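Each remark here refers to the structure printed beneath this line.
The values are calculated or read from the model by the stated rules, or taken from the named source; none is laboratory data. What you see is a predicted model, and the numbers here were worked out from it, not measured in a lab. Positions of Cβ are generated from backbone atoms using ideal geometry, with glycine treated the same way; all protein chains shown enter the neighbour counts. We work out accessible area using only protein heavy atoms, side chains counted, and drop any ligands, DNA or RNA first. Shrake-Rupley method; radii C 1.70, N 1.55, O 1.52, S 1.80 Å.
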Amino acid sequence: MAQEPVQETKIDLFMSSPESSSLGSNGVGHTQPIYDEPVEPRASIPRRIINSYRRDPLSRVTPPGVIGANGAVFYDAEAAARGTEKSPLARELKGRHLQMIAIGGSIGTGLFVASGKSLSNGGPASVLIAYSLIGAMLFCTVQALGEMAVLFPVAGSFSAYSTRFLDPAWGFAMGWNYAMQWLVVLPLEIVAAAITVNYWNSNISPAAWVAIFLTIIISINLCGVRAYGEAEFVFSIVKVIAVTGFIILGIILDIGGGPNGGYIGGKYWLNPGAFHNGFKGLCSVFVTAAFAFAGTELVGLAAAETANPRKSLPTAVKQVFWRIALFYVVSLTLVGLLVPYNDPRLIGSSASDAKASPFVIAIQNAGVSGLDSVMNVVIMIAVLSVGNSSIYGSSRTLAALAEQGQAPKIFAYIDRKGRPLVAILFGSALGFLAFLAASDKEEQAFLWMQALSGLSSIFTWGSICLCHIRFRRAWVKQGHTLDQLAFRSQAGVLGSWLGFLLNVLVLIAQFWTGIAPVPNEDGTRVTGAAALTENFFAAYLAMPIVLLFYIVYKILYKTPFMRSMDMDLQTGVRELDLRATLIEEKAERAQWPKWKKSYKLFC
């Protein structure tokens, strides 16, 4: 019997669908690129693993510069936008991954450990004021980022938005600024994790723990973005449970329910006092609080690897409100009630010494046995979480810079599982600097690595707010309405202006505390030209580096400041039938009960 002809199904990888892209959903449900070459059905597992690291043939790199009619080199911003639009990064992050990245993304040493230095420098009232103000600023910033990331879920969103809405030279500077921040954070956090183990008086060399932690973090990132999402999901759950448990325990201890008994209330606000070192102490806490929130913006960076950013990102962005209110403000208020700012275990502590954690000190003061070790385990997990995020943040930023022609082409190597392999290996290699933990140069090396990343988050957040202001202006001038936005920032343009101005104030406060630092732990002041110069550059080194990157690139490529009417508002928009989607969602919301409408307003 003659065989019936089999009807061919033609698959268009770039078909018009809400998630159309080289890695998006297509007519037969694929979520990864389909290649012309045959697949071996019986290939061994090692062979398949090796093949997965081969380069994705759909990946490409935007040329770094174009020769104009006059023979001069100029930067093609339109081509750069196309380069980040259809990045072959795997879209495997789900809504639960994004929500936990938003909730637990910045809960690390900044909250658990560095808050002890804040308490020592400024007192409990300064901690409460500074963290609340920075929290409000960051809420506005993440809302602005969410609005742009939902509409343009492009690879390397921070630098890509600066390139598109401000100036390609500033996008170049911001991209490398952000990449450098995460590249140096990895060895810093691994050393912090190794030192955490010393809480139990371990005789094992720190180098051994560095090797173990580095292996864990690199392995997670080499397994792909799904593994990163799952790891962060687990890490964040642990951190959320720990902070929630501490809040409940802190309330019980403060009202006299601990083993040692005795009502504490607000006596430490009266003696030794609510403030320390006056207004300068507040400014120093203001700066430390800003650094503590670093990592929150990773939600926007993950937009290009999210299956459905239209639904997942708004929820994740709104979760920031609860993290700020609950995890930072409430927990640190309780810390200020339970630990006096003149506690000797806080003074002289470094940001990588878990013994200086005010959370641990509060538990020790209350006489609760065993829980201090549990809290140190949580701190170690938090440190590993930040280290895990550092490879993710640096590798995606480097890959996006390469896609825009602003970094070596090799960083745009993306394998068949959607991993920016070369960028991951580069970031991992710098993690081996953590072995300096076993040397006598540890303190000096990490002082300057911290200086490199010190102001990075401030520049990133300020640029996001400014990008949103410029984007909104272009959106209106080019004939669009706010109703056409897939997600609208709850803080609006005024919130972005507030966020931008607060970031500028942090830069001013950091400059002031850099040239005139707060007194040392013993009350002495930093004096002498050499000591003051070192203190200033340790606090402000990132500023001249950013300016150098910007000015050199500006001169080399003669990049223009982007005008509102010239901004590209089309490239990178993933959802094509936005009006029908918004109408459908509006009708769905109209049927919600009142409690659900109130809940969804914030979550």
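Which of the helices (runs of 4 or more DSSP H) contained wholly in the range 254-343 include at least 1 residues that are within 20 Å of LEU138 (Cβ to Cβ) and of a type in the set (Ser, Thr, Tyr)? Let's see the steps before the verdict.
Numbers: elements: 278-292, 298-301, 309-322, 331-338.
In the range 254-343, 278-292, 309-322, 331-338 are the helices (runs of 4 or more DSSP H) which contain 1 or more residues that are within 20 Å of LEU138 (Cβ to Cβ) and of a type in the set (Ser, Thr, Tyr).
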Report, by residue number, each residue of the range 555-568 that is open to solvent by less than 40 Å² (accessible area, probe 1.4 Å) and of a type outside the set (A, V, I, L, M). TYR557, THR559, SER564, ASP568
Pairs only if they're at least six apart or on different chains, beta carbon under 8 angstrom, first in the range 275-295 and open to solvent by 10 Å² or more (accessible area, probe 1.4 Å), second charged (D, E, K, R) and at pLDDT below 85; list them, first residue then second. THR288/LYS117
Select from the range 443-493 the residues that are under 22 Å from the mean Cα position of the chain (by Cα) and not in a helix (DSSP H, G or I) and write down the one among them that is modelled with the lowest pLDDT. GLY454
Condition check: modelled with pLDDT of 85 or more, in a helix (DSSP H, G or I) and in contact with a helix residue (DSSP H, G or I) (Cβ under 9 Å, 6 or more places away or on another chain). Does GLY431 satisfy that? yes
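Going by what's in this entry, would TYR328 be described as touching a Gly at 6+ places or on another chain (Cβ under 7 Å) and farther than 30 Å from ASN535 by Cβ? Steps first, please.
Numbers: touching a Gly at 6+ places or on another chain (Cβ under 7 Å): yes; farther than 30 Å from ASN535 by Cβ: no.
No: the conditions fail for TYR328.
Among the residues of the range 105-112, is any at pLDDT 80 or above and open to solvent by less than 10 Å² (accessible area, probe 1.4 Å)?
Initial filter on the range 105-112 (at pLDDT 80 or above): 111-112.
From what is left, the residues that are open to solvent by less than 10 Å² (accessible area, probe 1.4 Å) are 111-112.
Yes: one or more hits.
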VAL573 passes all but one of (1) touching a helix residue (DSSP H, G or I) at 6+ places or on another chain (Cβ under 7 Å); (2) more than 19 Å from ASN177 (Cβ to Cβ); (3) modelled with pLDDT under 80; (4) open to solvent by less than 40 Å² (accessible area, probe 1.4 Å); which number fails? (4)
May I ask you to list pairs of residues, at least six apart or on different chains, whose Cβ atoms are under 6 Å apart, with the first in the range 160-175 being under 18 Å from LEU556 (Cβ atoms) and the second being open to solvent by 10 Å² or more (accessible area, probe 1.4 Å) and of a type in the set (D, E, K, R)? ALA169/LYS554
Filtering the range 220-269 for residues that are among the aromatic types (Phe, Trp, Tyr), under 24 Å from TYR392 (Cα atoms) and either open to solvent by 20 Å² or more (accessible area, probe 1.4 Å) or in contact with a Lys or Arg (Cβ under 6 Å, 6 or more places away or on another chain) (or both) leaves a count of 2
Scan the range 554-568 and report the pairs whose first residue is within 25 Å of LYS477 (Cα to Cα) and whose second residue is in a loop (DSSP other than H, G, I, E, B), with Cβ atoms within less than 7 Å and a gap of 6+ or a chain change. THR559/TYR75; THR559/ASP167; PHE561/ASP167; MET562/LEU166; MET562/ASP167; MET565/GLN478
Can you tell me which condition LEU346 does not meet? The list is (1) open to solvent by 10 Å² or more (accessible area, probe 1.4 Å); (2) part of a loop (DSSP other than H, G, I, E, B); (3) modelled with pLDDT under 85; (4) at negative phi, and all the others hold. (1)
What do you reckon, is ASN203 modelled with pLDDT under 90 and assigned to a loop (DSSP other than H, G, I, E, B)? yes
Which condition does PHE139 not pass, out of (1) at pLDDT 90 or above; (2) over 16 Å from PHE459 (Cβ atoms), if it passes all the others? (1)
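So is ILE414 more than 16 Å from the chain's Cα centre (by Cα) and surrounded by fewer than 24 Cβ atoms within 10 Å (Cβ to Cβ) or not? Step through it out loud before you land on a result.
On the way: more than 16 Å from the chain's Cα centre (by Cα): yes; surrounded by fewer than 24 Cβ atoms within 10 Å (Cβ to Cβ): no.
In short, no.
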Out of all the residues in the range 115-139, which are closer than 30 Å to LEU301 by Cβ, of a type outside the set (Val, Ile, Thr) and open to solvent by less than 10 Å² (accessible area, probe 1.4 Å)? SER115, GLY116, SER118, ALA130, TYR131, GLY135, MET137, LEU138
